[in-house]
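The structure under discussion appears below in the form of structure tokens.
Just so it is clear, none of the values below were taken in a lab; they were calculated from the coordinates. These numbers come from a predicted model, not from an experiment. Neighbour counts run over all protein chains shown; Cβ positions are idealised from the backbone, glycine included.
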Amino acid sequence: MRSAPHSLGRFLPALTTVVVLGCGAPSGVPLPGALRVQTAGPKAAGSAVRWLLNARILDPEARTERLGHLQLQGGHIASVHRERPANPGPNTVDLHGAWLLPAFVDLHVHSWGNPSPLPGPDHRCGHAETARLMLAAGVVAYLDLGSKPRTIFALRDQVRAGLVPGATLYAAGPVLGHIVGMKPGPGGPDARLRQTRTPAEGRAHVRALVASRPDIVKVLMDHTGPEQDLSLASLNAIVDEAHRHGLRVICHIGTWQDARACVMAGADALTHLWDEDDVPAELVQILAKRRIPLIPTQPVQVDLPHFSGPNAPGWRDPLLRQLTTRHLQETYRQTARFVQKAKFWLRYQGAHAKGYERQLLTLHKGGVVLLAGSDTGNFGTFQGYSLHRELALMVRAGLPVWAALKAGTTAAGRFLGRKLGVKVGDEASFVVLAASPLVAISHTQRIRSVIVRGRLVDRAALLAGTSVADTFRASRCRRR
Ligand SMILES: [Zn+2]
């Protein structure tokens, strides 16, 4: 069986890249239509909002849209009103009929930066910048599923302590798997992969991770090619040891047989799709019955052609241009110069997109819980932006818009213990959209504002701290 492009590269891109640091940006970018707190009250970043008036409230759980007014308190929704309050008082924001949606969550990220498909430097802007890009894209929480543990856990703790602006980072740290022929090290304790040749090694890796309080344990169970060979016994040992320590396990799957092995081992979630065989009906039933969620990560599996070549449609999206650099766009234009791996992905994805879509639709129709994840950090994916693509690709595969919205907001939030929503008591984290995603799913990108736990995010400031302009040529993001 041949190796799918996602089998190895999806979690190891940074191992082969040239180190480029420090994507900064020169200046802020005006954001037409961005909201301001209208009456007395703080105007700077993080302004507390007490009332949100005249919102078209979208509820992905109830699948309803209704006009209403929300009162916020302590980072949550205190009350929901059909009638406009007579005297809302200070810290009131009038949305003038804009669409209010629970904020986005991305459950599969490698947050080091964006790869270039050309030989040469990547846009390795760093984990802290990704936290900012995510929030600017309306993603309030994301799960990093494979990064250097020291780096990622330290940043996670800083973000949670409010020391680094951006979306809330959840992290697995390293990946547990078995790469055939890979020698132990380099990287030592900070390596991205924990080579796992025996069950005892698997248990030891989990125990060593416990002190870092990972938000989940990621295991690589992928037999799409000869490069990887985690044994069933090692898989079982990892899941068992993680559960003993109260940690959940997410399984990167290759084939459907890998998926079945993960389910039988007791894994708490699966990620990726396999398209070269149809997903067995029995597996669909088990996933649905046990409510084991699957994170499809369509952007990493089908989206590279959408951004490749001189006239690639993907780069027309204003949000993508806001979140990346012109230089990165240039690299995607030059398909003839792509590195071999990117050329292979381009061919493979072009030929396999329909197959992936078919599997995704089968899983949805079978009642499997689907949660959104982008697998950014890989070719054809972009930090913050590709979560929007995951939702669009779900809809393209045939899922109802409401199902895609739920997968990328409330349901994904629940997986991280975040009660996102539009009901009383729900966390007051929202995106405000200038157009309805029910009309076109791409309208999730038409972000006017982001609100996190009842505070209006200063998106302009977030974007000013990132690679909005062509910072590469301004040598703010260059090879060291
Ligand atoms: Zn991944």
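The Cβ shell under 12 Å around Val368 holds other residues with a net charge of +4, Lys and Arg each +1, Asp and Glu each -1. Axis of helix 127-136 versus longest Cα principal axis of the chain: the two differ by about 40°, to the nearest ten degrees. Between His76 and Ala62, what length in nm is gained on full extension when 0.36 nm per residue of separation is reduced by their alpha carbon distance? Extending this stretch completely gives an extra 3.2 nm. Compared with the dominant principal axis of the Cα atoms in the chain, helix 340-365 is inclined by about 70°.
Placing unit charges on the Cβ atoms of the charged side chains and taking the dipole of the range 244-344 about its Cα centre, the candidate lying farthest along the positive direction among Ala288, Ala261, His327 is His327. For the chain, the longest principal axis of the Cα atoms and the long axis of helix 232-244 meet at an angle of about 40 degrees. Between Lys419 and Ala336, the FRET efficiency estimated from the beta carbon spacing at R0 = 45 angstrom works out to 0.35.
Seen from Val263, the other residues with C-beta closer than 11 Å to its C-beta sum to a net charge of 0, counting Lys and Arg as +1 and Asp and Glu as -1. Under 16 Å of direct C-alpha separation, and excluding same-chain neighbours fewer than eight residues apart, Lys289 reaches these aspartates and glutamates: Asp268. Counted by Cβ distance under 12 Å from Asp190, the other residues give a net charge of +4, where Lys and Arg count +1 and Asp and Glu count -1.
Exceedance of the 30 Å cut-off in Cα-Cα distance is limited, within the set Lys343/Lys419; Lys343/Lys365; Lys148/Lys343; Lys341/Lys419; Lys218/Lys343, to Lys343/Lys419; Lys343/Lys365; Lys341/Lys419. DSSP finds beta bridges in the chain, and of those with both partners inside it, around 50 percent are antiparallel.
Given a Förster distance of 25 Å, report the FRET efficiency between Lys183 and Arg150 from their Cβ-Cβ distance, rounded to the nearest 0.05.
Here the calculated transfer efficiency is 0.75.
Per the Cα gyration tensor, the chain maps to an equivalent ellipsoid with semi-axes of 35, 25, 22 Å, ordered largest to smallest. When the Cα gyration tensor is reduced to axis lengths a ≥ b ≥ c, the ratio a/c is 1.5 or higher for the range 338-425, and with a/b not above b/c it is classed as oblate. Sorting the segments 345-357, 429-441 by their residues' average number of neighbouring beta-carbon atoms within 10 angstrom, most packed first, yields 429-441, 345-357.
The phi-based Karplus calculation (6.51 cos²θ - 1.76 cosθ + 1.60; θ = phi - 60°) puts the 3J(HN,Hα) values of the range 254-270 at x, 8, 5, 5, 4, 4, 5, 4, 5, 5, 5, 6, x, 4, 8, 7, 10 Hz, whole numbers, x for Gly and Pro.
From least to most packed, judged by other beta carbons within 10 angstrom and beginning with the fewest, Phe344, Phe415, Phe382 follow the order Phe344, Phe415, Phe382. Taking a ≥ b ≥ c as the square roots of the eigenvalues of the Cα gyration tensor of the range 175-295, is the shape rounded (a/c under 1.5), prolate (a/b larger than b/c) or oblate? Oblate shape, in that a/c is at least 1.5 and b/c is the bigger or equal ratio.
Each of Met221, Met182, Thr168 was placed along the dipole of the range 156-296 (beta-carbon charges, centred on the mean Cα), and the one lying farthest toward the positive end is Thr168.
Before rounding to the nearest 500, sum -39500 (n - 2.57) across all DSSP H runs of length at least 4 in the chain and divide by the residue total; then give [θ] at 222 nm in deg cm²/dmol.
That comes out to -9000 deg cm²/dmol.
Shown for His69, His96: other C-beta atoms within 10 Å of each C-beta, ranked fewest to most, produce the order His96, His69.
The protection proxy used here, the mean number of other Cβ atoms lying within 10 Å of each residue, ranks peptides 241-247, 147-153 as follows, highest first: 147-153, 241-247.
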